[in-house]
Amino acid sequence: MSVPPLPAGSDGSLHGRRLRRVMVQRNLTLRDISRATGVAIGSVRGILEETTRPHPRTLHKLSVGLGMSVDELFAPLPTERVVDSDADAAAREFDRRTNPAVAELIDAQPGLFRDWTAAEFDELYSRVATGGELTEAGALAAAAAINDRRKLLEQVALLLETDQAEPLREFISELAQRAKFNGETT
């Protein structure tokens, strides 16, 4: 199945610029990317030239082969980032100052945080426990929960590209209906 080309500057354009930046930073060629990821050279070229929309399965192969999260392939380059408001920056700084157990856990177990995005670190630092900051055990439990969610989302993304996509959609829809019926938010 062919994916229609995208106009320059549309959603897929971030992938090309981001992938090109990774190639430059790591001194990689098209062939290097193809070998590391299992993605055909023509597909990599299409992403770089921003003429095709990468398939989710292709994004997964790229992320695994390059050792980065799929989210990072979507991440704007530093010059494209929207400047945070002073209030947002102050809130993040406050979260980091008031949750030292998180920083200690990151230092002690860096492998637990492999491929984390800035948003995931922000989420972890912003968590609080009863009575205030997280303890070491609380930080570890919160990090494990975030990693469990990441794994689940990766599995869902892969399943959506298989013959199990429709049953999965129906199952999730049923669970969402049950949650609404029970008064939970979805």
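Each reported figure results from applying straightforward, stated rules to the coordinates on display, with no laboratory input. Bear in mind that the values here come from a model prediction, so they are computed numbers and not experimental data. Here the Cβ positions follow ideal geometry from the backbone for every residue, glycine too, while neighbour counts run over all protein chains shown.
Observations, loosely collected:
- The Cα center of segment 86-129 and the Cα center of segment 150-183 differ in position by 29 Å.
- Burial ordering of His60, His55, fewest other beta-carbon atoms within 10 Å first: His55, His60
- Inverse of mean 1/r across different Cα pairs in segment 13-80, Kirkwood, Å: 11.6
- All Cα-Cα distances of segment 142-181, cut into 10 Å bins from zero to the largest, leave 29, 39, 32, 1 percent in each bin in turn.
- The fewest-to-most ranking of Val156, Val22 by surrounding Cβ atoms within 10 Å reads Val156, Val22.
- The length gained by stretching the chain between Glu170 and Val24 to full extension, at 0.36 nm per residue less their Cα-Cα distance, is 48.3 nm.
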